[in-house]
There are 2 protein chains.
Amino acid sequence: MATKLSISAVNELDYRDFIHKFGSVVEMTSLCAAAVCAKRPFWSFDSFVAAMCQFIDDLPEDGRAGILRSHPDLADRLESLTPESQREQTQAGITALSMDEIKQLKHYNRLYNDKFGFPFVICARLNNKDAILGGIQTRLYNNGDQELKCGIEEVKKIMLLRMKDLVECEDSKL
Amino acid sequence: MATKLSISAVNELDYRDFIHKFGSVVEMTSLCAAAVCAKRPFWSFDSFVAAMCQFIDDLPEDGRAGILRSHPDLADRLESLTPESQREQTQAGITALSMDEIKQLKHYNRLYNDKFGFPFVICARLNNKDAILGGIQTRLYNNGDQELKCGIEEVKKIMLLRMKDLVECEDSKL
């Protein structure tokens, strides 16, 4: 893994380098980094994270749903994941699912997609495969508003961990 | 060029195919398509375009600036343009600039970037190289708010032409 940037190094990046560096912390949605880079200087890692979360929260509702729609399906799209996702999924043991578990996950994924119109998003690095298989079944009972909120909270958890991989964060309270 | 889709074919696309198909009509900002796909069915090409424009207008200001920041520099980035950009730039004769004109465009690009914090965006398919070189010099006199507005209008012109390449639009008034 590349050396982590200090927050002052983050503040000094050219905006293109900033977008390049942080464009994937929200999957397939580099607009978050492109928007937030003008909020610099950040005084800490946590204020950088807060600015990213704020941008997501300030998006119109269809923008937040668009972020979810931009995520790959956990099961169907294992082949086409970004390097970031792939590492995370492997850590959660997703690639080590049995044939039966894959079939199960695909089944619930389809139901979830049909109900909500976006894929099931969960922070795989914070959940093992049993928690993921349980989570999708539980969350299927939510309504669309609850699930949009729930999915976006997971997007933020994934984002936080990816940002911690990229930026020094010893003083973080997150 | 691939066959154009009818608006009813657009309405029937799976959301992933929709994002894949229209993710690049706003350069590097597939979130626009990802957000707007749930607004379907569209009754016409023009209402599809209107929904895309509405999403851009509803973004927080830093989101609109982020769209501009996601665009490649006209001069500096000729090498790394997306296929869509490359074709458009070639049509405007940008790649046929003389050494002196390239130097001039790079110079103004730098001034523009320094002043506004985002690159100069212009619809190359609607402007020849003299109009582009003239445009950047004139627009350098604008203030940040004017230029954000002006840049976004150009983004919409580029988007409209790209959408016309992808969707049947004989009945369009745009």
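Where a number appears in this text, it was derived from the coordinates with a stated rule and is not lab data. For clarity, every value in this text was computed on a predicted model and none was experimentally measured. Counting neighbours? That spans all protein chains shown, and the Cβs are built from the backbone with ideal geometry, glycine included.
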Quick one: angle between helix A:99-116 and the longest Cα principal axis of chain A, in degrees between 0 and 90, rounded to 10, please. 70
For the rotation taking A to B, I'd like to know which residue in chain A has the C-beta closest to the axis, plus that distance in Å. A:L31, 2
Would you kindly give the portion of the calculated P(r) for the protein assembly as shown that falls above 30 Å, as a percent of all Cα pairs? 41
Scan of chain A for chymotrypsin sites (Phe, Trp or Tyr not before Pro) in DSSP loops with at most 12 other beta-carbon atoms within 10 Å gives a longest site-free stretch of A:44-140
Please find, in a Gaussian network model of chain B (springs between Cα atoms separated by less than 10 Å), the residue of B:M159, B:M99, B:M52 whose mean-square fluctuation is greatest. B:M99
Please list 3J(HN,Hα) in residue order for region A:160-174, calculated via the Karplus relation 6.51 cos²θ - 1.76 cosθ + 1.60 where θ = phi - 60°; whole Hz, with x for glycine and proline. 4, 5, 5, 5, 5, 6, 9, 10, 4, 9, 4, 8, 6, 9, 8
Between 0 and 90°, nearest 10: helix B:129-139 axis offset from chain B longest Cα axis: 80
In nm, one decimal, shortest first: how far is the label point of B:A50 (7 Å from Cα along Cα to beta carbon) from the matching points in the other copies? 4.1
Residues meeting the amide H criterion for A:V167 (H placed from the backbone, H to H distance under 5 Å, 5 or more places apart or on another chain) are A:L5
Rounded to the nearest 500, what is the 222 nm mean residue ellipticity of chain A from helices alone, with -39500 (n - 2.57) per DSSP H run of 4+ residues and division by all residues? -18500 deg cm²/dmol
Angle between chain A longest axis and helix A:45-58 axis [Cα atoms, degrees, rounded to 10]: 60
Quick one: the Cα spread of chain B along its three principal axes, in angstroms, biggest first? 49, 34, 28
What gaps in nm, shortest first, separate A:L140 from its twins in the other copies when you place the label 7 Å past Cα toward the beta carbon? 6.2
Run through the other copies and list how far each one's label point is from that of B:K173, in nm with one decimal, shortest first; the point sits 7 Å from Cα along Cα-Cβ. 5.6
Highest GNM mean-square fluctuation, chain B, Cα pairs closer than 10 Å: which of B:I152, B:I56, B:I102? B:I102
Modelled label-to-label distance, A:Q104 and B:S6, 7 Å Cα→beta-carbon offset: nm? 4.4
